[in-house]
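As structure tokens, the structure follows; a few thoughts come after it.
Laboratory data are not the source of any read-out in this text; all were calculated from the coordinates shown. Quick caveat: nothing in here was measured; it's all calculated off a predicted structure. Cβ coordinates were reconstructed from backbone atoms using ideal geometry, including for glycine residues, and neighbour counts include every protein chain displayed.
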Amino acid sequence: MRIITRRSVLSFGAGAAIVGAFAALAAIAPAMVSAHEVYVLTPGQISSALAAPSFSLFDVARDNLGEFAFWAFIGVLTVFCVFWISTLRFLERHLDPMFIKIRKYATLIARLTIGISFIASAYYQATFGPELPIAANFGPYAGLVAVILIVIGFMVIFGLYARLAALAGLVIYAATVYQHGWYMLTYVNYLGEIIVILILGSHSYSLDSLIARRRKAAPGPSSLVARIKGYLAPRSLAILRVLFGIALIYASAFAKILHNSLALDTVTKYHLDRLLGFEPHFLVLGAAIVEILIGLFFILGIEIRFTSLFFLFWLCLSLWFFGEVVWPHLILIGIPIAYLFYGYDEYSVEGYFFRSKKYEPVL
């Protein structure tokens, strides 16, 4: 069991105060998480917004300093309350045994998530998102790529030669990166899922594991391969967690900082300013801060289960309110659910400082 020093607790508290300072802005930001502006605006509106100059979020914060400070205070309070509840030994003692039992299903959920997402991409003729049509990306080979995506999806879902399927998915992802460059950071969560499968393979509850049990006499992997897998396996879900956070942060920075006219047009198009009674630019600021903080919480491993639930709530509300297509958000739904089951790894902040041999923070 790690010794938790007073200094480490205070350091975590200070960090939580900083990153949690604006968490409660979610209360005024229903346009956040997953309201990918490229999904809800018309192509003409997107082109116009991308060409328009961005406004200063710092100026918006300064002009709304009172509201900004109020939500900052509520945010700090919220983060500390969640942390206090999460570390109550009474709750840990009663809930952690259940979390330990369901932890093994996290990799299955992650595998099913990306498998279904690949099949949905093929069905809707788009790679990773509707703004990336297969025909535009692969031209005369679009039909072949769609078939490959379907095959990859089913192989991953059923866990049959999953590493081979993940390798094919990696090639398609790399080809899309070659065409769209840094924008593909929006979908780097797919890369995280692919890496998990390349490391773990089909893992449990798969045809590969069933076949392996029936071939008891089959030789195992070489000692070098076994050592590499043994080193990477405990880190695989941490890699996915970090890349998922990066995807959230980049998507927010792209649409709400670098090209924030996209988010502003979304706010005005759906009259969110009238609905919520806040100035439109302030809503964009709130959405940007909350999305970035959610990404940072995933990257650092802070309040993972609470952050997952928080994200899923606003994601589902966003899908309902904006009437968005569901399929490009499947991976955004599946990964947080996987972390509700998995909880903390030893490379997360709370997993490192506050997880003992028996217990881990509940939320």
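Assorted remarks:
- The label-point distance for Arg213 and Gln179, in a model that sets each label 7 Å from Cα toward Cβ, rounds to 4.2 nm.
- Spin-label model, Val151 to Arg89: label points 7 Å out along the Cα-to-beta-carbon direction sit 5.7 nm apart.
- Taking the convex hull of the alpha carbon positions in the chain and averaging its projected area over all directions gives 20.2 nm².
- Each of Leu160, Phe80, Gly143 was placed along the dipole of the chain (beta-carbon charges, centred on the mean Cα), and the one lying farthest toward the positive end is Leu160.
- Förster radius 22 Å - calculated FRET efficiency between Leu167 and Ala142, Cβ distance, rounded to 0.05: 0.60
- Gyration tensor verdict on the range 169-311 (Cα atoms; rounded if a/c is under 1.5, prolate if a/b is larger than b/c, oblate otherwise): prolate
- Cα-projected label distance for Leu309 with Leu232, points at 7 Å along beta-carbon direction, nm: 3.5
- Euclidean distance of C-alpha centroids, the range 320-356 and the range 146-222, integer Å: 20
- On full extension, the segment bounded by Leu77 and Val325 gains 85.8 nm, given 0.36 nm per residue less the C-alpha separation.
- Legend: calculated FRET efficiency, Arg274 to Ala135, from the Cβ-Cβ distance at R0 = 22 Å, rounded to 0.05, equals 0.05.
- Within the range 274-363, the GluC sites (Glu not before Pro) that combine a DSSP coil assignment with at most 13 other C-beta atoms in a 10 angstrom radius are Glu346.
- From least to most packed, judged by other beta carbons within 10 angstrom and beginning with the fewest, His271, His203 follow the order His271, His203.
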